[in-house]
Amino acid sequence: MERGGAAALACTFRSSSPSPSPVSHWRPLLHSRIRPSATARPPHFLLPTTGRRCSSFGRPGVSLNDDDLVKDKLLIDCGEDQDCVLDGIVALGKFDALHIGHRELAMHASKSGNPFLLSFVGMAEVLGWEYRPPIVAHCDRKRVLSSWATYCRNLVPLEYQVEFSKVRYLTPHQFVEKLSADLRIKGVVAGENYRFGYKASGDAAELVKLCEEFGLSAFIVRSVMDTAKRSYNGATPAVNSSDKGQVSSSRVRHALSVGDIEYVSKLLGRKHRLVLTVSEYSLKEGKNIIVPKSCMLNMPPADGSYENCELFNGGYLGLCRVVINTETIDIEMKGESSLPPNPFQDQQLGIEFG
């Protein structure tokens with residue numbers, strides 16, 4: 001067995017590949033008229049190249065001290081002119097899991113224009129939250145969004161990041177004004193439980209009212225409900241105080257934490273992919289490879305044994321069995337499937353749990 005000492009296992013990084021699934025369609029609860037656009041942009045089919053890096057547990061490679069963040073602009077991965085979402089329809093929300101509820105927002109955004117997601121960066125640091133690994137590795141988000149094109153009129157939703165510290169103290173009125181004046185969007189889409197503005201003081205109804213004031217369209221979409229209604233030991237867990245039975249990132253996290261892969265797949269609308277950075281310190285022998293948990297870029301399922309998984313390294317490698325232990329992830333290729341001669345060259349493996 002090739003090894004570099006199990007105690008000194010360390011990691012590096014890189015990127016992965018696609019897969020979709022069905023969803024229930026809802027009509028918007030509320031909407032306001034769309035502002036006519038004089039300079040409509042052509043549809044987007046490709047994601048922007050942002051120069052983002054990956055690092056341990058998938059933290060975005062954007063430091064809050066970067067020069068980009070010092071400049072007075074809302075989108076930190078867009079150019080100086082901030083026209084990346086110009087005349088587009090922006091989906092608002094937290095997009096940690098990219099689950100079927102998030103996909104529903106993107107789908108509604110695509111019905112009225114070029115769909116975008118606005119996600120916030122730096123919330124944990126600003127609010128003092130304990131760090132949690134993302135559900136989707138940052139390097140893998142483009143692949144997931146690309147799989148949504150079939151639901152979004154063959155458009156791939158584009159995602160841009162907003163520095164949270166720049167909008168934290170904005171009132172609901174100031175926030176919508178910034179979307180209109182700075183980003184020059186055409187409209188917004190949000191879920192019925194969406195809150196915004198300082199201390200979450202604005203709700204969906206206020207969002208519609210403010211958008212009308214600024215000449216923006218606003219579509220409020222019903223929550224996608226969790227029809228699986230999973231229970232453990234006879235009880236349905238209370239995920240958090242805002243849980244009303246809707247699909248949520250909190251439900252995905254809980255399902256992963258108990259190793260309920262079938263439930264995770266239903267909530268996500270796809271198989272969960274765990275991305276690992278692989279280095280010469282990983283251990284390989286024949287059809288087996290052992291990777292330390294410190295090399296994970298996103299949240300794994302609970303410790304245990306998982307059959308009928310699939311392994312990727314940019315392309316499909318084959319079926320495998322995965323055992324997640326306290327310190328390592330053991331991958332065993334099944335049947336005719338085998339590891340490439342030197343898996344460390346690609347530096348990244350993706351495990352999809354079936």
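Here are the numbers for the structure shown:
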{"read-out": "Residue satisfying all of: in the stretch 99-143; at pLDDT below 95 and among the hydroxyl-bearing types (Ser, Thr, Tyr); surrounded by the most Cβ atoms within 10 Å (Cβ to Cβ) among these", "value": "Ser119"}
{"read-out": "So Tyr160, is it within 17 Å of the chain's Cα centre (by Cα) and at pLDDT below 95", "value": "yes"}
{"read-out": "Subset of the stretch 240-276 (residues that are in contact with a strand residue (DSSP E or B) (Cβ under 6 Å, 6 or more places away or on another chain) and either buried (at least 23 other Cβ atoms within 10 Å of the Cβ) or part of a strand (DSSP E or B) (or both))", "value": "Gln246, Val264, His272, Arg273, Leu274, Val275, Leu276"}
{"read-out": "Which numbered condition Glu163 fails, given (1) surrounded by fewer than 18 Cβ atoms within 10 Å (Cβ to Cβ); (2) in contact with a strand residue (DSSP E or B) (Cβ under 7 Å, 6 or more places away or on another chain)", "value": "(1)"}
{"read-out": "Residue within the stretch 336-345 that is free of Cβ contacts under 8 Å to residues at least 40 places away in the same chain and either under 22 Å from Tyr263 (Cβ atoms) or among the basic types (Lys, Arg) (or both) present", "value": "no"}
{"read-out": "Among residues of the stretch 311-354, those that are open to solvent by less than 40 Å² (accessible area, probe 1.4 Å) and outside any loop (DSSP other than H, G, I, E, B), counted", "value": "18"}
{"read-out": "Residue among Val323, Val275 that is without any contact (Cβ under 8 Å) to a residue 60 or more places away in the chain and either in contact with an Asp or Glu (Cβ under 9 Å, 6 or more places away or on another chain) or within 23 Å of Arg143 (Cα to Cα) (or both)", "value": "Val323"}
{"read-out": "Any hit, the stretch 212-234, residues being at pLDDT 90 or above, open to solvent by less than 20 Å² (accessible area, probe 1.4 Å) and of a type in the set (Phe, Trp, Tyr)", "value": "no"}
{"read-out": "The listed residue being among the β-branched types (Val, Ile, Thr) and within 24 Å of Val275 (Cβ to Cβ), out of Ile100, Ile185, Ile89", "value": "Ile100"}
{"read-out": "Residue list for the stretch 134-155, restricted to those being assigned to a loop (DSSP other than H, G, I, E, B) and aromatic (Phe, Trp, Tyr)", "value": "Trp148"}
{"read-out": "Scan of the stretch 287-299 for residues that are part of a loop (DSSP other than H, G, I, E, B) and open to solvent by less than 20 Å² (accessible area, probe 1.4 Å), ordered by number", "value": "Leu297, Asn298"}
{"read-out": "Total residues in the stretch 300-310, condition out of contact with any helix residue (DSSP H, G or I) (no Cβ under 7 Å at 6 or more places or on another chain) and surrounded by fewer than 17 Cβ atoms within 10 Å (Cβ to Cβ)", "value": "5"}
{"read-out": "Output for the stretch 71-82, where each listed residue is surrounded by 15 or more Cβ atoms within 10 Å (Cβ to Cβ), assigned to a loop (DSSP other than H, G, I, E, B) and not polar (S, T, N, Q)", "value": "Lys73, Leu74, Ile76, Asp77, Cys78"}
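The values are calculated or read from the model by the stated rules, or taken from the named source; none is laboratory data. Quick caveat: nothing in here was measured; it's all calculated off a predicted structure. Note: ideal-geometry Cβ built from the backbone for every residue, glycine included; neighbour counts use all protein chains shown. For accessibility, only protein heavy atoms count, side chains too; no ligands or nucleic acids. Shrake-Rupley method; radii C 1.70, N 1.55, O 1.52, S 1.80 Å.
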